Every structure is written in structure tokens, then in C-alpha cells.
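Here the structure is laid out as C-alpha cells; the discussion comes afterwards.
The values are calculated or read from the model by the stated rules, or taken from the named source; none is laboratory data. From a predicted model like this one, the values you see are computed outputs, not experimental measurements. Cβ: placed from backbone, ideal geometry, glycine included. Neighbour counts: every protein chain shown. These area figures cover heavy atoms from the full protein model, side chains too; ligands, DNA and RNA do not enter into them. Shrake-Rupley method; radii C 1.70, N 1.55, O 1.52, S 1.80 Å.
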Amino acid sequence: MIPKGSTDPAKEIPEVEIQWAVSDGLTPYPDALAAMEARVVGIRAGTASEAVWLVEHPPTYTAGTSARPEELIERRFPHFAAGRGGQWTYHGPGQRTAYVMLDLHKPHGPVPARDIRAYVHGLEEWMIRALDRFNVRGERRQGRVGIWVVKSGGAEFKIGAIGVRVTRWVSWHGIALNVEPDLSHFGGIVPCGIAEHGVTSLHDLGILATMEEADAALMSAWGEVFGGHELAAETTLPI
């Protein structure tokens, strides 16, 4: 488990450069897949730096490798095979999708090398700490992927999704944090195969954060979990 706060100075990991990219507008999902795949090739070849790419997509349903066809309830938006782990996920305007491309041959902060479980735990912790900046308590749930919040009355709702793929120890895909998406759009699928719980967002919780504020929270929480030196954010992902 990654402790909240700074790591043990005796176990500090040398910093690496992480390229941050923030794309304006809506990025078509096939374009994102192609860009990530090219970047992964560059990272493996040593010709590209590791990257975190922040995007918004047009309304889209994506199917992970465990997705069941019957859980695409209504084909109201384009749907694509994602190639990542997990089941059905919605992406759309108002949701911040963060694609994380790291060389997992090496450690990142307290996250050890070649440990996919620890890497996924780190992605969860990253979202939890970003939400904490808005005084939102994000929580894990045994047997349920993603990050959850408890509303008054005790009902649990998903606010952040996780889906990863690792190719020759280079990660791609990542997380999706609901800032202000149209929550009715999730009704066309069974999100992540979980029908008994709903979805929520920062705005649904009464926190009227902008996408820029959500980005700032993600960027400031990153180093606490993964270490690394962030380069200045670009508006496109350099391939």
C-alpha cells in the first residue's frame, strides 16, 4: 500500500521526466488508440519519454477484453473495442480521461518495477488523492474496479474508472474521472459490469469544479504516488 504523503527519504527513487499533454476539444477514440500505440512503441525503443495524456472524448462506449455483448444495452453512441482490461466504459465531454504511458521495467516513486497490481493500486491512489483536493472521499471496494464515493444515506456511486493495458511492460490506457459528464449517457451500458450501483461526478456532488481545476488536482497528486519530474504540458501528444 502506498502511504499518503512523502515517501521514505532512504528509499527515494531517482526522478524521471514525464511528458504531460493536454488536448483541447474532443479527441476521437480511434485517434487516441493510434496515438497511444505509437507512443508505447517509442517508449519501448527509447525514442520517446513517458507520458500522461489528458483528453476528452465525444460520447463513446468502449469495450474491454471482459466486456459482454449483452451489457451494451443501447447503441446510442459509437462503440469500440479498446484492447484494455475490464468491461464496458463510457467516455464523453465533461469526463477527464488520463492516458498513462509508463515504462514499468523501472520503479516510479514507491511503485515497484514489474508489478501490475501495485501499478493499478497507484492509479487508484492517484485518483483518491486528486479527489481529496476537492474534499471528496474516494474509496476502493473489494471486487469492484474503480473509485467510489458514498452519498448521504449510504448509497455508493462510482466517480472514477480504471482500465489498463501493459505491452512488454509499457502501460497504456489509464483512468477516467467524472467531472461534469451527462450521467444519463451511462445508461446505455452496464458500467464495468456493475448494475447495482450508479455513477456520479464532481458536479453531481455539488462541486462545480472546472476541467482545468481537475487537471491541476491530478497533476499535483501525481508526484505523491508515482514520483517523477513533470515536463511542461503541451497541447498535443508528441509521438
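Structure values in brief
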| item | result |
| --- | --- |
| Paramagnetic reach from residue 152 in the range 190-208 [backbone N under 12 Å; point 7 Å along Cα→Cβ] | 206 |
| Accessible area in square angstrom per residue, the chain, 1.4 angstrom probe | 45 Å² |
| Förster-model FRET efficiency, 30 Å R0, residue 144 and residue 203, C-beta, rounded to 0.05 | 0.85 |
| Rounded, prolate or oblate (a/c below 1.5 giving rounded, otherwise prolate when a/b exceeds b/c) for the range 17-70 by Cα gyration tensor | oblate |
| Rounded FRET efficiency, nearest 0.05, which uses the C-beta distance separating residue 47 from residue 135 and R0 of 45 Å | 0.60 |
